[in-house]
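The structure appears right after this line, and notes come after that.
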Amino acid sequence: MLRSLVFVLLLVNAGFYAWSQGWLDDIVGVRPDAQHEPQRLTQQLHADQLIVLPPSASASPTQQAAAPASPASAAPSEPPPASRTICLEAGPFTATEHTQVDAALKPLLAPRQWGTENVVVQGSWLLYMGPYADPATLARKQAELRRMRSLSFEEVHAPANLAPGLSLGRFSRLEDANAALDAMKLRGIRSARVVTLRPPTDQTIVRVPEADIKTQVLISGVKLPQGKTFTACGQ
């Protein structure tokens, strides 16, 4: 039995050696170096032009799309704070005050950096009673007004030529003040009159349309008439 097994193994080894050497190609029909799918060779186009890429260059389109953008392709960042500008203005100023502001800004800013705009400032009128010679007379008049329904009033302490006195209302239009005076006369108040506190005037606003950080610091230290300061335009 053992001899038969050894003989069979010898035959198998001899047959494999003969096949690997190609001696049995015509008999078996399968060559040891033949491709399993030879039809693929006929489907290759320009095989000599194929380029083998390194592993790092073989990322899929999805992976490439998910990759972070390089600094060169990133969206432009916001400009640094130093390059930002805002519109600043101060006023309004009378003609005399504007002369002072002009003298203060000329050493600091170039002529093209700032300008002016003329505006009409509304007047102010007071429906007024007084002035009274002594506190007793003032107190007596106040007592009379308190007895009248729905009547508001307040003491006047300034300007000095109107103190002590009483105000029955302040108005930005002369027409409104005169209408209020007529209404008071109908209620029996005969001593009231309209007093002009400030007439309408043409004044000037000073504007710096594009103030950068340096300019903002410069003009913030300028002393303006009446303690006014530069603020954002339109406020």
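The values are calculated or read from the model by the stated rules, or taken from the named source; none is laboratory data. Just so we're clear, the structure is a prediction, and the values are computed from it rather than from any experiment. All Cβ positions, even for glycine, are placed from backbone atoms using ideal geometry, and neighbour counts span all protein chains on display.
Suppose we filter ALA179, ALA160 for residues that are among the small types (Gly, Ala, Ser), modelled with pLDDT of 95 or more and more than 30 Å from GLU89 (Cβ to Cβ); which single one remains? Checking each option against the conditions leaves just ALA179. Within the range 209-217, is even one residue under 41 Å from the mean Cα position of the chain (by Cα), at pLDDT below 95 and surrounded by fewer than 11 Cβ atoms within 10 Å (Cβ to Cβ)? Yes - at least one qualifying residue is present in the range 209-217.
One residue stands out among those in the range 167-176 that are of a type in the set (Gly, Ala, Ser) and modelled with pLDDT of 95 or more: the one that is nearest to GLU155 (Cα to Cα), which is SER167. Do we find a residue being in contact with a Lys or Arg (Cβ under 9 Å, 6 or more places away or on another chain), farther than 30 Å from TYR132 by Cβ and either among the small types (Gly, Ala, Ser) or at pLDDT below 95 (or both) anywhere in the range 201-208? No, that holds for no residue.
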